[in-house]
Amino acid sequence: MEPHRGLTIASSSWNFLRKRWLDREQELITVIQEETKRTEEKEEAGYRSPTWSILRALQKINKAKRLEGEAEMSAPPFFQSTGRGDLKF
């Protein structure tokens, strides 16, 4: 939403998040920008996010109900809850 900074997000992720954030679209955009920056910094340091198929397999093995960490726009919807610390997605 800033002319000098492009942002691409999958339409399914955008629509999923937009429903959760209801009429707070500008706030959502700010959160996505912050989460993107955080993810980019982690990736520059060598971190790689697991794919949804890996997360689903680990979920089944461990009977996990919550995913801790990752970014809001990439949190898979097949967990009962996702978040990071006090921040709930």
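Every number here is computed from the coordinates shown, using simple stated rules; none is lab data. Source: prediction; values computed, not measured. Cβ atoms come from the backbone with ideal geometry, glycine included; neighbour counts cover every protein chain shown.
So what's the back-of-envelope 222 nm ellipticity for the chain, counting only DSSP H runs of four-plus at -39500 (n - 2.57) apiece and dividing by all residues, rounded to 500?
On the way: 3 runs with 42 residues, N = 89.
That calculation yields -15000 deg cm²/dmol at 222 nm.
List every residue whose amide H lies under 5 Å from the amide H of A64, counting only residues 5 or more places away in sequence or on a different chain, with H placed 1.01 Å from N in the peptide plane.
Amide H to amide H, under 5 Å and 5 or more residues apart or across chains, A64 pairs with nothing.
Output ³J(HN,Hα) for the stretch 41-53: one whole-Hz value per residue in order, computed from phi by the Karplus curve 6.51 cos²θ - 1.76 cosθ + 1.60 with θ = phi - 60°, and x for Gly and Pro.
Once θ is set to phi - 60°, the couplings for the stretch 41-53 become 5, 5, 5, 5, 7, x, 6, 10, 5, x, 6, 4, 5 Hz.
Give the Debye-formula value of log10 I(q)/I(0) at each listed q (0.18 Å⁻¹), with one equal scatterer per alpha carbon of the stretch 11-88, two decimals each.
-0.82
Quote the charge dipole size of the chain about the Cα centre in Debye, to the nearest 20; the model charges only the Cβ of Lys and Arg (+1) and of Asp and Glu (-1).
On the way: 16 positive and 14 negative charges, 128 e Å.
My answer is approximately 620 debye.
For R18 and S49, what does the FRET efficiency come to when R0 = 25 Å and r is the distance between their Cβ atoms, rounded to the nearest 0.05?
The computed FRET efficiency comes out at 0.70.
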